[in-house]
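The values are calculated or read from the model by the stated rules, or taken from the named source; none is laboratory data. All figures in this text were calculated on a predicted structure; none of them were measured in a lab. Using ideal geometry, Cβ is built from the backbone for each residue, glycine included, and neighbour counts are taken over all protein chains shown.
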Amino acid sequence: MSQHFAILDTRGVLEIGGPDRADFLQGLISNDVTRLGEGRAIYAALLTAQGRYLHDFILAPLGEVFLLDGEAARLADLARRLTIYKMRSKVTLTPRPDLIVCAVFGDEPLTLAPPAIAFVDPRNAALGTRAIVPNTDALRERGFAETDAAEYDRLRLSLGVPDGSRDLVPEKSLLMESGFEALNGIDWNKGCYIGQEITARMKYRALVKKQLTLVSVAGPLPEPGTAIMSGDAEVGEIRSGRDGTALALLRLDALEKAPLRAGDATLTPAISARSG
């Protein structure tokens, strides 16, 4: 996968500007906005007051604005929810359909000149570089060849990284069940944010009972939402998958039980039981 890039057309960009942008987001999202820096992005989520997932996204600074890389199909809903909290804050929220999100794989660190930006994926460096660009000319000029987005999806799955609402259920999923701590999506030392109390309680009181887990699939890939069974007991649910691997939300006490089944397929978890 060296010197390749994939256009992620399921992703969209929201520009967040205004002098209050950092303070505004700091009180809302799960990560620490002060960690943003030149070439350095953060991964974060917006939650309900009950600590349930609403949106996840990557946030990167570009000059006097932040660029938010989120699910294209749900970007309008995210902007609407953020607008509710604006009140008198000097913040602007501007959709940027002129920008493209790419996953880039190369042998050397990539830097791009504005209006483009590149940064190591903050969730897992093995995912490569993330680039937000007006077009792919700069990537092609540097010798990067375009590859299918399916290649990126296979890599994402192999690393157990969720893909937005394909793997996380809005108003239901919990960050500590969804791998956000391992994906650098939570800062435990920042001040309060929406849903912080529930998230912290799950960590410090060891309340995690389920885990989003990579599973190998023998047989036909089950549809997302298919129940996972251990004998006669339902122990989880299939989420996104491809080519014999999938993510599944599983009860921790089922991780070492075999065989697990979903539809006509047999599942093997890639990890042993562990808490969050």
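Given the structure, is Gly263 surrounded by fewer than 13 Cβ atoms within 10 Å (Cβ to Cβ) and of a type outside the set (Val, Ile, Thr)? So Gly263 fails the test.
Evaluate the following for Val215: is it assigned to a strand (DSSP E or B), over 21 Å from the mean Cα position of the chain (by Cα) and modelled with pLDDT of 95 or more?
In short, no.
Before we move on, is Val133 within 13 Å of the chain's Cα centre (by Cα), in contact (Cβ under 8 Å) with a residue 12 or more places away in the chain and more than 21 Å from Arg21 (Cβ to Cβ)? So Val133 fails the test. Looking across region 204-224, the residues that are touching a Leu at 6+ places or on another chain (Cβ under 9 Å) and buried (at least 16 other Cβ atoms within 10 Å of the Cβ) come down to Val208, Lys210, Gln211, Leu212, Thr213, Leu214, Val215, Val217, Pro222.
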